Structures are given as structure tokens and as C-alpha cells.
Amino acid sequence: MTEREQADRYIQVIIDRVSDAVDRPFQYRMPRGLCAAPQVGMQVLVPFRSGKINAFVVGIQREPDVQDTKDVLCVLEHEPALSPEMIALSYWLSRRFFLRWSEAIHLCLPPARNKVKKKFVERVFPAVDQETLREEAVRIKPRASRQALILEFLAAAREGLDWPGLRQKTGADRRSLLALRERGLLEIRSQSAERSPWARDLDGTKHEAGFRLTEEQQRALEKIEQALDHSSQDILLHGITGSGKTELYFLAMERVLRQGKQAIFLVPEIALTPHMITLLRERFPGQVGMLHSGLTPGERFDQWWKIKERKVNIVLGSRSAIFAPLGALGLIVMDEEHENTYRQDDSPRYHARDVARWRARHHGALLLLGSATPSLETYAESLRGTVKMLKLRERVPGRFLPSVEVVDMRQEFGARPRSVFSQRLYESVKQTLAAGEQVILFLNRRGFAGVELCRRCGFVVECPYCSVSLTYHSFPEHLQCHYCTFKREPYRECPRCRSLSIGNFGLGTQKLEKQVKEAFPQAGVIRLDSDVTSARGVHEKVWRTFKENQASILIGTQMIAKGHDFPGVTLVGVIAADINLHLPDFRAGEKTFQLLTQVSGRAGRGEKRGKVIVQTFSPEHYSIRAALDQDYSQFIREEARRRRLLHYPPYTDLLILGCSARQEEKALAAAEGLSLQLAGRLAEGEELLGPSPAPIKRVKGFYRYHVLYKGDHVQAKNQLLRETIWNYRRGLTGEVRVTVDFNPLMML
Ligand code: ADP
Ligand code: ZN
Ligand code: ZN
């Protein structure tokens, strides 16, 4: 060893604790002679204050920057679970999304690592050839029948057998096994066993293959292949529902694998895509790992290590799979890139698309986004040239776009004030059922509750300053804007049409179910929403029931808008298209357009042309009109114009600071204090709004207040804002919590 290598090293660590006070690197000495050489990503145990604590190595240097560094106590792993890439990623993530660095590191660690360990199983292998095993079995059978059985099974199997399984099949005990080993007939080895998540998810359908790509698909594929060979740009596959995007993802993955590289395939929610899982495994047998929250902790842990050890080359998963520890990434596919589920809304908050972009750059890999209704964020990137947009305008052969009609509910209101059905929808459901076909009825429950709506003219009360709807509160009765602090009395009569039918309008899927059952007593009706599906497996059961045509009407929330194919469905009814428009959220228009487009995509997946009937109180709204015309560019241009005009992301950055406490005054006081601090950081052209009560003001006993910071260069002054918030938060007592949310998707 050279002199230099023998010298002490100094490491920088991040303490494994979520705290503003320790959210910075600390230096320690790695004395020479400690069992392992320091590596970035390694976990170590260090003395801290009066105790010991785990920490992550984030840097190594030869000379200390500070006097009196303490010594590392021990190294906790020889093979670091975290690669240097992950340390770099976690640093970047912590800055971009205003996280503590240790929170960001935790996103990259193996899941459930403190709860489960690797599982080992004993496996039995033959130590002699098959012939000998069989002869021996025959010889000992009369006096040791169970031992003989073991030998027979072993002779029949080409590879080793799990001991627990073998014990069950033969009824033999451990003594018999050891006796056979004693005689040199077999060997026992301990091997790591994989807790496999696959068995549960197969949906059993076989899938067609071997079609010819359409011309559009072929052109898109060429562009994707070029990008794979020397990528510098992300690609957005903008293809209508049923245009055959999946096949292109698969072909891209095949190419990447041939290049000796690996791929991540992200989907919005695994439970909604059992057919995707089946397809992928059929196409890439033995190559696919899976990471998502539906797995048991043991399964997740095993999958993570399998990926880390390079035993698979494709990782399928939801949001968190973007942190999969693949070392040779060539491609990241993000299907339905506009979906909300890609954004984590609890701390640590992040958006998987941003992480995907970072990792793609880091590896020189291609980021391939796909959607029928790309997010405004991605659309804006495509105008800027950072994302290349490829269009698929047609459905694949044999699939037709549905016809879409709109029903103006304001006109129905006089005739049938209590019914959720318009005459038109009611008649169509009746006809569809009579023809033996299936119906989906779609209702997003959130939204209307808490909004003042005129049922006669569709008027909804909005904030004059923020262009979001005001929320109704009953005690004391008032309407309030949850962006700024604007407040007013509820209307007794509609300011637009003078009708008295203005009021708090509530309608949920359960009430809808009741009305549907009354209207169509003969039909089998099932309902699917998050109330029904919280238990594991329920989801799949409902799907299967409907797919096998054991029910003819499916009622559900946005959950049913996604993923699945139901060839028997020829009618989709949207009960209240404007329901999402009235969330107090600047993305309400975008969400409405996306949902309506997706719901419409559910109709006509089979051979028959489908029909979509959309009921609405505001047929003239631009998101609804564009969805009815199935015209993305009409929609996105208007949406971009409005968002730019009103100063919302992606045309500006938005930082939402949430203060919560059990006592309302404390939450408010904290928000006021923080607002004051931030006011001192405000530059020209930036805005500070609030404090105002959060749209859902009280959650689990905590009152919540928001402060909004809007500016074009939030990231450029990241460090300044971060220090301001961190310092303020450190000074608060434990009762008040302060969260930071950068460019959130939802404002609730
Ligand atoms: P989407 O663009 O909505 O994701 P899919 O990828 O799910 O569409 O494709 C819809 C269906 O069309 C799938 O069953 C797929 O196997 C099939 N498909 C894809 N490409 C072709 C093609 N060129 N010819 C015939 N069928 C195709
Ligand atoms: Zn009115
Ligand atoms: Zn307002």
C-alpha cells in the first residue's frame, strides 16, 4: 500500500434524522484501519451530541475543513445500497422540492429496510446422479418409505427443491433429510428466496400479437430509435386513446435491452393496469422487476435487491419506481404522463417526471413520455424545444372513435329537478341495456360539495382576483377564496339569472347508485370508487364481474376512467362534466379536459362504435367544449393563454407554505410570521398571498393555513428562500408544523 492510501480520510455525512437543525453535511474522520474504505453512499454509525446515530456518506476528502473532527464508530455496510448517482440525485431533489436532504435520501433507499430482512430458504440438491437416486429409493423403500420419497422427488426434479415444500409433499422430518445427507446422497444449501409478487396480478387474458405497425406508428418508431441511439431530447408521444402507444414503448424497450441497457416503465397506478403487467411479462420473460405500494414489504424489499443486483433489466412500477437502483439506464417510459399520481402529495413531496428527467440526463438515456392529453408543463416544454412531440392521430385498425353528445342540464332542470338523469341519457341507457350491451356512468364526487351553483343557469361564484371558485362554509355562513383572503356572503338569488335555485349542490356516487337502481331495477349495477376499493383485491373483483358481463352498469369516480378495456361497453354517461371545474384549483380546467377525454376513450374499445353522453351545467366552458370536439390543441392553447395571463405554473413558480396546528390561532400566527419573513425576500414582480385558510381547513384535528409565494425565479433564489423558511421553522415550537410544496398539483 502506498503512503497516501494509508492516510486517514475525512467524510461528509448527512445525519439520518428529519430536522432543520441538522440538515447540512457534518464532517468526521475515518481512521485508517477501520474495516472498510469509505465510499459515497455508504451508511455509517457516528457519535452525535451525546449519543450515536446513523448517517449517510455524501462526500470524501483528504483534509478536514474543521478542527477536532470526531471519528466514525463503524461502517454499517460493505456494499453501499446507495450509489453515488443516488446521493447526487437526492441532493438535487432536496433543493428543487425544498426537502431536507435526509428525506430525499430516504426516497432512494431500499423499501422497508428496517422491517424486513432477506429471506433464506433451505434447498436440497442431489449429490449423485439420477440413476443412483432411483435405485437407492427402491432399495430403502420397505423400511424407510419417507426417505425413499425424498429421493424419488429429487430424481424427478432437474434442479434443487425447496425443503419446506419437499417436507410437506413427503411428510418426512428433518432427521430423514439429514440421514440422507449423511450418506452422501444429497446436499443442503441455504439460498436467498424471493417473495414474488407476480402470482396475484395476472389477469389471465391472452393478448394478440403480430400485427403490422400502422404508418403513423412506424414513423414514430423511427424517431424514437434515432433518439435512443443519440438522445439529447425527451420525446412526448401524443397519441389519442387506442392509437397503439404501448406497442411503441415495448419496441423501444426491446432496442434498449439489445444495447445492453435497462429501462424503467412507469404507469400511474399498478392496480389499474393488470393487462399491462401480463403483456410486459409475456414480452420480456424473466426480465421484469416490479416496484409499487401494492406489494407487501417483503416483496418490495426482494424486488429492490433483485434490481440492484442486476437480475432484471426492466422495472415496472408506479411513482416510486423512478428511484429503482438500475445502474445502466437507457430508457425511461412514463405512460399517461399527465396523471396526478406521479406527484407525491405527502412529504417528501416530489414529481416523478422531474426525477425521470434528471436520471435520463445523468445516464444519457431517453425519457419517453406518453399521453392522449399531455400536461401543460410538457406541452410548454415542447414549445421550448426540450421535448420533441410525436403525434398519433388515428386509432389502430378496428377501433373507432365514439360519438360524443352534450346535454345542457340547465334546460333539463325545469322538467326533472330531482333526477340525475337527463331525458336523453335515460333513454340511451334503456336502449343500450335492451341491446344487451354495457354502460359506464361516471361521476367525480369531489368538487360540487362546497360550491355555490345555480342549477338554472350554471353560474358558479368565483373569486374576482384569483379566478378560482369560492368555497362555501356554513359556520358562520360565508364564501371564501382559498388563494387570497377574499370573503363574501352567499347569494340568495343568482346574480346572473335571478333564480332562487342557487345553493350548495351535493351529489355523490352512492346517491347516484340509488337512483340508477330505482330507474333500472332489472339491471345489475356495481359501483367502484375509493370507498369500495380500499381493500386489496376488491378492485380486481369488480373489474372481473363487469368484464365477464355479470353486471351491465358500472358506476364510478375517476378511477374507472383509466386503463381498462371493456369491449362490451357501448355507452358512457358523464353525469356532471363540470364537477371538477369548480374545485378551488387553478388546474381545474385542465383536469376536466383530461378526465372527459379519458372517459370518452372508454367507449367503443370493442368492435361496435361507442357513444358518450356528457351532462353539464356549463357547455360553453372551453375545457368542456374542447373535450367534446376531441380537440387537444384547441384546449391547450386556451389553457396556456389563461395560465400565462393569470400567472400560474408552468409560467411562474408557486411555493405553497402550509402551517398547521391543533389550535387555529397558532396555525394562523405561524403563517403570519412566515409571511412576514418571506415578505422581506420578495423581489420586484413577485407576489405573496395569504395567509388564508386552506380549502380543506381542518384535517385530522389540525387547522391549516396557507401562504402562497409566486415568482418567476423561485429556483434561482432557492438558497435564500430555503434558509428563510428553515430558520423560521427551527424557531417554532413543536406544536406547529410547516410544510413546503413546490409547484403542487392540488391545492386542497
Ligand atoms: P393507447 O395508445 O391508448 O395506449 P394501446 O397501446 O392500448 O393504445 O393499443 C390499443 C390496442 O391496439 C391494443 O390492444 C394493441 O395491442 C392494439 N394495437 C396496437 N398497434 C396495433 C396495430 N398496428 N394494429 C392492430 N392493433 C394494434
Ligand atoms: Zn342562475
Ligand atoms: Zn382570491
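The values are calculated or read from the model by the stated rules, or taken from the named source; none is laboratory data. Predicted model only: the values in this text are computed from it and were never measured. Cβ placement follows ideal geometry from the backbone for every residue including glycine, while neighbour counts extend to all protein chains displayed. Note: accessible area is taken over every heavy atom of the protein model, side chains too, but ligands, DNA and RNA are not part of it. Shrake-Rupley method; radii C 1.70, N 1.55, O 1.52, S 1.80 Å.
Scanning segment 213-247 for residues that are closer than 14 Å to Met389 by Cβ and assigned to a helix (DSSP H, G or I) gives Glu216, Arg219, Ala220, Lys223, Ile224, Ala227, Lys245.
The residues of segment 159-186 that are under 42 Å from the mean Cα position of the chain (by Cα), loosely packed, with under 14 Cβ neighbours inside 10 Å and part of a loop (DSSP other than H, G, I, E, B) amount to a single one, Glu159. With respect to Leu425, is the statement that it is crowded, with 22+ Cβ neighbours inside 10 Å and part of a strand (DSSP E or B) true? Against the criterion (crowded, with 22+ Cβ neighbours inside 10 Å and part of a strand (DSSP E or B)), Leu425 does not qualify.
Arg139 satisfies every condition listed in (1) in a helix (DSSP H, G or I); (2) in contact with a helix residue (DSSP H, G or I) (Cβ under 6 Å, 6 or more places away or on another chain) except (2).
Please work out which residue is nearest to ligand 2 (Cβ to nearest atom), limiting yourself to segment 451-467 and to residues that are modelled with pLDDT of 75 or more and closer than 21 Å to His706 by Cβ. Residue satisfying both the conditions and the ranking: Val461. Thr432 passes every criterion in (1) modelled with pLDDT of 85 or more; (2) within 20 Å of Ser618 (Cα to Cα); (3) in contact with a Ser or Thr (Cβ under 7 Å, 6 or more places away or on another chain) apart from (2).
A quick yes/no check of all residues on (1) out of contact with any His (no Cβ under 6 Å at 6 or more places or on another chain); (2) in a helix (DSSP H, G or I); (3) modelled with pLDDT under 95; (4) in the same structural domain as Ile240 (by TED's automatic domain parsing):
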position	(1), (2), (3), (4)
Gln634	yes, yes, yes, no
Arg637	yes, yes, no, no
Tyr648	yes, no, yes, no
Ser660	yes, no, yes, no
Glu665	yes, yes, yes, no
Arg681	yes, no, yes, no
Glu684	yes, no, yes, no
Leu688	yes, no, yes, no
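For segment 119-156, a residue qualifies if it is of a type in the set (Phe, Trp, Tyr) and either modelled with pLDDT under 85 or more than 18 Å from Arg167 (Cβ to Cβ) (or both), and exactly one does: Phe120.
Among the residues of segment 222-266, just one is open to solvent by 30 Å² or more (accessible area, probe 1.4 Å), in contact with an Asp or Glu (Cβ under 9 Å, 6 or more places away or on another chain) and basic (Lys, Arg), namely Arg255.
Entry remark, segment 65-117: residues being under 30 Å from Gly658 (Cβ atoms), part of a loop (DSSP other than H, G, I, E, B) and free of Cβ contacts under 8 Å to residues at least 12 places away in the same chain number 1 in total.
Restricting attention to segment 456-471, the residues being crowded, with 20+ Cβ neighbours inside 10 Å and more than 15 Å from ligand 3 (Cβ to nearest atom) number 3. Checked against the criterion of being closer than 30 Å to Arg544 by Cα and surrounded by fewer than 22 Cβ atoms within 10 Å (Cβ to Cβ), segment 324-335 contains one or more residues that satisfy it. Scanning segment 489-512 for residues that are open to solvent by 80 Å² or more (accessible area, probe 1.4 Å) and at pLDDT 80 or above, we see that the one that is farthest from ligand 2 (Cβ to nearest atom) is Glu489. If you check Pro25, Pro47 for being under 31 Å from the mean Cα position of the chain (by Cα), within 30 Å of Val736 (Cα to Cα) and at pLDDT 80 or above, only one passes: Pro25. A search for C-beta distances below 6 Å between a residue of segment 454-466 that is of a type in the set (Phe, Trp, Tyr) and any residue that is within 14 Å of ligand 2 (Cβ to nearest atom), counting only pairs 6+ apart in sequence or on different chains, returns Phe459/Cys494; Phe459/Arg496.
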